[in-house]
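Let me begin by presenting the structure, written as structure tokens, before commenting on it.
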Amino acid sequence: MRFQQNMGNIHFRTRGRPAGKSNPAYPLNDNQVRSLFGVCVGKHGLRNRAILAFCFHSGARIGTVADLKVEQVVDSAGKVKPSYVVHSSNEKSKRTHRYYLTKEGRSIIQDYVNQYEMINGNPLFKSQKGKGPINKNSLVRLVSRLLRQAGIEDNSSHCGRKTFATKMHFTHKVPIQVLSKWLNHASISQTEKYVVGTLEEQNDIMASFTY
């Protein structure tokens, strides 16, 4: 059973994905996020955690992550930058945009950077089949596989961006107007579709409501 209630611009859903077939992603709760990062082990564990960090700690689209180059993210001292700029040609919005990374996100990516040779001009995430960047579709399949390994069904690689938006708005009280700029959305109404809360969050709001 699915439940959805509209309170102003806040949408709540107990499980499953948002209405509409074009974007099946829905935000994860904190335990699910920890489980997802927890399955990133083995040979490519640090790489996979870094890929997820860009989505869950910066709100980047998976296609943006696939196209990142070393110098966009890593400074001359080998440190992960607090923000990185993505050119309009690599952004779905076709607008150049600066993304910001959380402190935890930078730490996760730094662990990956420290383990590999980082050369300016090279892809941050190389394809295993050549010297070029990892393919976007390969990343989509990778994240989908990690989600299933973490026991998270009926979701997609876009859940990182939606989780970031939801967490920033509900937990850290970032206004929709600000969040819209962070996500490089064309309009606030587009951002509102990303902010999805759970029925539990609705109950908490109703229980603590007072004048």
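Nothing in this text is a laboratory measurement; each read-out follows from the coordinates by a stated rule. Just so we're clear, the structure is a prediction, and the values are computed from it rather than from any experiment. Ideal geometry is used to build each Cβ from the backbone, glycine not excepted, and the neighbour counts take in all protein chains shown.
Each residue, ASP111 and SER189, gets one label point 7 Å from its Cα in the Cβ direction; the gap between the two is 4.2 nm. Residues of the stretch 80-110 falling in the label zone of GLN177, defined by backbone nitrogen less than 14 Å from a point 7 Å along Cα to beta-carbon, are absent. When the Cα gyration tensor is reduced to axis lengths a ≥ b ≥ c, the ratio a/c is 1.5 or higher for the stretch 117-169, and with a/b not above b/c it is classed as oblate.
The trypsin sites (Lys or Arg not before Pro) found in the stretch 78-175 that occupy coil by DSSP, while having at most 16 further C-beta atoms within 10 Å, are LYS79, LYS92, LYS94, ARG95, LYS129, LYS131, LYS173.
For the stretch 31-148, report the % of Cα-Cα distances exceeding 19 Å. Before the final figure, lay out the partial values.
Working: 2928 of 6903 pairs.
I get 42 percent for the Cα pairs in the stretch 31-148 exceeding 19 Å.
The distance between label points at VAL140 and SER83 comes to 3.0 nm (points 7 Å beyond Cα on the Cα→Cβ vector).
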